[in-house]
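Asker: Here you go, one structure.
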Amino acid sequence: MILTGPEITAAATDGRLRITPFDNSQVNPNSYNVRLGPTLLTYKTPVLDAHQPNPTHRIEIGADGYVLKPGQLYLGHTVEQVGSDTFVPLLFGRSSVGRLGLFVEITAPIGDIGFHGQWTLMLSPIRPLRVYAGMKIGQIMFFVAVGPITPYSGKYQAASGPKPSAYWQDVAPLEAVAP
């Protein structure tokens, strides 16, 4: 089951989910709009290594916005800190943003129960697009979980700002991997 807009508001009010800051004007019939934060990251190297940390370049979005370029992955973040110990959150791009040719969070939309923090957004434009800090970039839906809950306590917990991949923390040392 998916939470309706009035139930999202009720759950944010009674603490079953946290959205900070919460703005009632961002509540939709069955989702909550999230806004693009002021910071972007891009990776510095042309080849990324899944087994190593990858260096990033920080970009601050100014008042005139920032032009995203095709062929580049940008890591953005939500203004809002969102999380729940009760509901499963899923984040998708808004259709108005998709119609501008921007893919938002296309490969990893599901959040874990128990995660609380700003969400890192994977942004991929198909043509140059000027974006602005504070623009409504995505929407989060909340689903009812069935069964016992083990809250998330992983490496991205309490994220603030965009976070690059920490996949390398999940990889066993190469010498321990059998051929």
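Asker: Compute, for the stretch 37-179, the length of the dipole vector about the Cα centre, with Cβ point charges of +1 (Lys, Arg) and -1 (Asp, Glu) only. Units Debye, rounded to 20.
Answerer: With Lys and Arg at +1 and Asp and Glu at -1, about 560 debye.
Asker: Next question, about the same structure. Net charge within 12 Å of GLY93 by Cβ-Cβ distance, Lys/Arg positive one each and Asp/Glu negative one each, not counting GLY93 itself?
Answerer: Overall, the nearby charge balance is +2.
Asker: In square angstrom, rounded to the nearest 10, how much accessible surface does ASP23 have for a 1.4 Å probe?
Answerer: 60 Å²
Asker: Expressed as a rounded percentage, what relative contact order does the stretch 1-113 have, with Cα pairs under 8 Å and six or more residues apart?
Answerer: 26 percent
Asker: Along the Cα→Cβ direction, 7 angstrom out, place labels at ARG58 and ALA145. What is the inter-label distance in nm?
Answerer: It is 3.2 nm.
Asker: Taking the full set of protein chains and a 1.4 angstrom probe, give the accessible area of SER25 in square angstrom, rounded to the nearest 10.
Answerer: Surface accessible to solvent at SER25 totals approximately 80 Å².
Asker: Could I ask something else about it? Taking the C-alpha atoms of the stretch 36-124, how large are the radius of gyration and the largest Cα-Cα span, Dmax, in Å?
Answerer: 14.1, 40
Asker: Is it possible to state the helix-based mean residue ellipticity at 222 nm for the chain, with each DSSP H run of 4+ residues giving -39500 (n - 2.57), the sum divided by total residues, to the nearest 500 deg cm²/dmol? What is it?
Answerer: -2000 deg cm²/dmol
Asker: Here's a follow-up. Could you tell me which of PRO29, ALA12, THR56 has its Cα farthest along the dipole of the stretch 4-76 towards the positive end, charges placed at Cβ (Lys, Arg +1; Asp, Glu -1), taken about the Cα centre?
Answerer: Toward the positive end, the furthest listed residue is THR56.
Asker: Where Lys and Arg each count +1 and Asp and Glu each count -1, what net charge lies around LEU102 among other residues with Cβ under 10 Å from its Cβ?
Answerer: +3
Asker: Just the number, please: Stokes-Einstein D of the chain in µm²/s, Kirkwood Rh from C-alpha pairs, 37 °C, 0.692 mPa s.
Answerer: 190 µm²/s
Asker: Can you give the local net charge around PHE142? Use residues other than it whose beta-carbon is closer than 14 angstrom to its beta-carbon, Lys and Arg +1, Asp and Glu -1.
Answerer: My count for the surroundings of PHE142 gives -3.
Asker: Given a 1.4 Å probe and the protein chains all in place, what does the accessible area of ARG16 round to, in Å² to the nearest 10?
Answerer: Per-residue accessible area (ARG16): approximately 70 Å².
Asker: Name the residue farthest towards the positive end of the dipole of the chain from the options LEU68, THR86, TYR167, assuming +1 on Cβ of Lys and Arg, -1 on Cβ of Asp and Glu, about the Cα centre.
Answerer: LEU68
The values are calculated or read from the model by the stated rules, or taken from the named source; none is laboratory data. Because the structure is predicted, anything quoted here is derived from the model rather than measured. All Cβ positions, even for glycine, are placed from backbone atoms using ideal geometry, and neighbour counts span all protein chains on display. Just the protein is used for accessible areas: all its heavy atoms, side chains included, with ligands, DNA and RNA removed. Shrake-Rupley method; radii C 1.70, N 1.55, O 1.52, S 1.80 Å.
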